[in-house]
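Everything on this sheet refers to the single structure shown next.
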Amino acid sequence: MAKIGVYDVVLPFILVFTLFFAFLEKSKVLGIEVIKDKTGTEHRFTRKNLNAIIAFSAAFFVVASAQLVRIISEVIANTVILIVTGLMFILAVGVTHTGDKEFDLGTMGKGWKMGFWIVSALGILLILFNAMGWLDAIYNFLLRSWDSAGVATILMILVFVGFMVWVTKPQKGGSGEET
């Protein structure tokens, strides 16, 4: 299948066409057609012909660029790795779950869920930067530009901000009165 271009042409074309067409259908950017039947009832339809032509053209433009196809392929492959990693994390949590409410959002708090989402978002962002070749450039820039004084200053600022957040956060529980 690689020899006939299934991975380099067909699959990226189908993916881009499907996503673009779905976006155009859902957003109704190109308008809708109103058709009345014999009883006078109006039926509203999206302009599927225009949506299909634009999605088809966009998919061809993407497939024409080898660099875009490479980026899409790498991002999708790495995102699947992140999804599988997240699934394994969820399975590991599930295996250690006793059936009690230790992982309930009421007792666990929303921080656990938000932290998992932030880590996933950062992972996808790093995958995207790596696919575009920016991750090495950013890393090399940081190595060349930062000296030990710069890193120490940033770490001290982070420590002070963290300390201020910890000191000023409201106390939980109690009657709400301060002593």
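Mind ranking 5-12, 81-88, 34-41 by how tightly packed they are, going by the mean number of other C-beta atoms within 10 angstrom, highest first?
Order by mean packing, descending: 5-12, 81-88, 34-41.
Considering only G86, F60, I4, whose Cα is most displaced toward the positive end of the charge dipole of region 1-96, charges sitting on Cβ of Lys, Arg (+1) and Asp, Glu (-1)?
After comparing all options, I get F60.
In debye, nearest 20, what is the charge dipole magnitude of region 1-64 about its Cα centre with +1 on Lys and Arg Cβ and -1 on Asp and Glu Cβ, if you could check?
I would put it at about 140 debye.
Return the sequence-ordered ³J(HN,Hα) values of region 18-25 in whole Hz as given by the Karplus equation 6.51 cos²θ - 1.76 cosθ + 1.60 applied to θ = phi - 60°, using x for Gly and Pro.
With coefficients 6.51, -1.76 and 1.60, one gets 5, 5, 5, 4, 4, 5, 5, 5 Hz.
Near the amide H of T46, under 5 Å away, which other amide H atoms are found, from residues 5 or more places off or on another chain, if H is placed in the peptide plane?
E33
Ordered by residue, what ³J(HN,Hα) values in Hz, to whole numbers, does region 50-56 give under the Karplus form 6.51 cos²θ - 1.76 cosθ + 1.60, where θ = phi - 60° and Gly and Pro are x?
After applying 6.51 cos²θ - 1.76 cosθ + 1.60, I find 5, 4, 5, 5, 5, 5, 4 Hz.
Return a whole-number percent for the relative contact order of region 1-50, with Cα pairs under 8 Å and 6 or more residues apart as the contact set.
25
Using a Cα distance threshold of under 26 Å, what count of lysine pairs results for region 1-64 when pairs must be 8 or more residues apart or interchain?
For region 1-64, the number of qualifying lysine pairs is 7.
Starting at the first residue of region 157-166, write each ³J(HN,Hα) from the Karplus equation 6.51 cos²θ - 1.76 cosθ + 1.60 with θ = phi - 60°, in whole Hz, x for Gly and Pro.
In residue order, the calculated couplings are 4, 4, 5, 5, 5, x, 5, 5, 5, 5 Hz.
Fewest Cβ neighbours within 10 Å first, please rank F45, F20 accordingly.
Least crowded to most crowded, the residues run F45, F20.
Note down, for region 1-64, the three equivalent ellipsoid semi-axes (square root of 5 times each alpha carbon gyration tensor eigenvalue), biggest first, whole angstrom.
33, 11, 8
We did not get these values from a lab; they are worked out from the coordinates using the rules stated. Since this is a predicted model, take the numbers as computed values, not measurements. Note that each Cβ is placed from the backbone with ideal geometry, even for glycine, and that neighbours are counted across all protein chains shown.
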